[in-house]
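*Asks:* The following block contains the structure, expressed as structure tokens.
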Amino acid sequence: MGINDNNIKPIEERFTSNVTVRGDNIFVQGVAEEVSAIEKVVKEMIFVLNTTGKLQTNDVYTIIDLTLQGKEIISDNELDSIILYSKKDVIKAKTPNQITYIKSVKENDICFAIGPAGTGKTYLAVAFAVAALKKGIVKKIILARPAVEAGESLGFLPGDFREKIDPYLRPLYDALEEMIPGEQLKNYLEKGVVEIVPLAYMRGRTLNNAYVILDEAQNATGMQMKMFLTRLGPNSKSIVTGDITQIDLPSYSQSGLVQVKDILKGIDGVGFVYFDKGDVVRHKLVKDIINAYEKHYNNNGKGA
């Protein structure tokens, strides 16, 4: 119910039914359709509390919004697919490979997610990290990306170094902004609870009690990959995401993500998850575009 029944107040605000709490029981009196909706909301509140260990008033508003929009309420058999309750929606696995992703992250301290664009690799990785931070499993989140020039020269971009680097890091900010309220995210960034940095800034650090994500890892060299993976300290987890068909390095063989598949294969605590075009969850045209490029490269006998 929350302190002073604060978690019941959103229900009273959004519905006209009379809601009464007596001990462990909630009594709802009103029209049948609305009573049914409130029952779904309360069951979902219980589910969120059992899943995450806590329930906040903002969570209740989110649950009510989802219910009124007619979106599917999470059922018990979907528990393993849930990653995070965000400010707008429930973030959960939508494909079999994404469910495998969740399992691998739970079972391993280092997980590699490899596959084409639009398969949820980065978005879900950030959700894993935010969920761990909210539950108190880790004390900070560190998100890194290689600042590799892809068709443009970094030196010719306007602004100081931070302004030059920010476009490379923008996708990570976008994911965080969907999962953490604006003021809270600003506070996290100011206090260093959440760091978003170029990969080069990771050298020499030991990362304890942290969730560490390396995105676009196909553009990290072999030495950079080794450097990143050896930053991990006690009570830390890491997710490495990338697409080996979109390498911007001079040579395919220089990619640390390509090399690491063979180097770390079979090591306990390290997991690999592979996505394909069937896992694309962006705009429906993304899958068609991937298919078209595959057909083009296959017909011309060239790699991506």
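The values are calculated or read from the model by the stated rules, or taken from the named source; none is laboratory data. Bear in mind the structure is a predicted one, so any value in this text is a computation, not a measurement. Glycine gets a Cβ as well: all are built from the backbone with ideal geometry, and neighbour counts include every protein chain shown. Heads up: the accessible areas ignore ligands, DNA and RNA and are worked out on the full protein's heavy atoms, side chains in. Shrake-Rupley method; radii C 1.70, N 1.55, O 1.52, S 1.80 Å.
*Asks:* List the residue pairs whose Cβ atoms are under 6 Å apart, where the first residue sits in segment 236-264 and is among the hydroxyl-bearing types (Ser, Thr, Tyr), the second is surrounded by 20 or more Cβ atoms within 10 Å (Cβ to Cβ) and at pLDDT below 90, and the two are 6 or more positions apart or on different chains.
*Replies:* Close Cβ pairs (under 6 Å, with a partner that is surrounded by 20 or more Cβ atoms within 10 Å (Cβ to Cβ) and at pLDDT below 90) amount to 255/247.
*Asks:* A further question follows. Give segment 213-260 a look and list any residue that's open to solvent by 50 Å² or more (accessible area, probe 1.4 Å) and either in a helix (DSSP H, G or I) or among the charged types (D, E, K, R) (or both), or say none.
*Replies:* 216, 223, 224, 226, 248, 252, 253, 254, 259
*Asks:* In the list 264, 199, which residue meets the criterion of being in contact with a strand residue (DSSP E or B) (Cβ under 6 Å, 6 or more places away or on another chain), farther than 19 Å from residue 122 by Cβ and crowded, with 16+ Cβ neighbours inside 10 Å? Working first, answer last.
*Replies:* Numbers: 199 fails: farther than 19 Å from residue 122 by Cβ.
Within the list 264, 199, the selection yields 264.
*Asks:* Do we find a residue being open to solvent by less than 80 Å² (accessible area, probe 1.4 Å), part of a strand (DSSP E or B), under 20 Å from residue 62 (Cβ atoms) and among the aliphatic types (A, V, I, L, M) anywhere in segment 1-14? Talk me through it step by step, then tell me what you get.
*Replies:* At the first step, the residues of segment 1-14 found to be open to solvent by less than 80 Å² (accessible area, probe 1.4 Å) are 2, 5-8, 10-11.
Applying the additional criterion that residues be part of a strand (DSSP E or B) yields none.
No, that holds for no residue.
*Asks:* Let me ask something additional. Filter segment 102-129 for residues that are over 22 Å from residue 230 (Cα atoms) and not basic (Lys, Arg) and give the result.
*Replies:* Within segment 102-129, 102, 115, 116, 117, 118, 119, 120, 123, 124, 127 qualify.
*Asks:* Being part of a helix (DSSP H, G or I) and touching a residue at least 60 places away in the same chain (Cβ under 8 Å) is the filter here; which residues of segment 39-53 pass it? Can you show your working first?
*Replies:* In the first step, residues of segment 39-53 are kept if they are part of a helix (DSSP H, G or I); the result is 39-52.
Correct list: 52 only.
*Asks:* Go through 34, 44 for me and flag whichever is surrounded by 13 or more Cβ atoms within 10 Å (Cβ to Cβ), modelled with pLDDT of 85 or more and at negative phi. It would help to see each step written out before you state the result.
*Replies:* On the way: 44 fails: modelled with pLDDT of 85 or more.
On inspection, the qualifying residue turns out to be 34.
*Asks:* In the set 235, 219, 187, 208, which member is at positive phi and modelled with pLDDT of 90 or more? So that I can check it myself, show each step before the final result.
*Replies:* Details: 219 fails: at positive phi; 187 fails: at positive phi; 208 fails: at positive phi.
Exactly one of 235, 219, 187, 208 is at positive phi and modelled with pLDDT of 90 or more, namely 235.
*Asks:* Got a number for residues in segment 27-38 being without any contact (Cβ under 8 Å) to a residue 24 or more places away in the chain and either among the hydrophobic types (A, V, I, L, M, F, W, C) or within 26 Å of residue 131 (Cα to Cα) (or both)? Lay out the reasoning, then the answer.
*Replies:* In the first step, residues of segment 27-38 are kept if they are without any contact (Cβ under 8 Å) to a residue 24 or more places away in the chain; the result is 27-36.
Narrowing further to those that are either among the hydrophobic types (A, V, I, L, M, F, W, C) or within 26 Å of residue 131 (Cα to Cα) (or both): 27-28, 31-32, 35.
Number of matching residues: 5.
*Asks:* If a residue has to be part of a loop (DSSP other than H, G, I, E, B), of a type in the set (Lys, Arg) and either in contact with a strand residue (DSSP E or B) (Cβ under 7 Å, 6 or more places away or on another chain) or open to solvent by less than 20 Å² (accessible area, probe 1.4 Å) (or both) to count, how many in segment 105-138 make the cut?
*Replies:* Of the residues in segment 105-138, 0 are part of a loop (DSSP other than H, G, I, E, B), of a type in the set (Lys, Arg) and either in contact with a strand residue (DSSP E or B) (Cβ under 7 Å, 6 or more places away or on another chain) or open to solvent by less than 20 Å² (accessible area, probe 1.4 Å) (or both).
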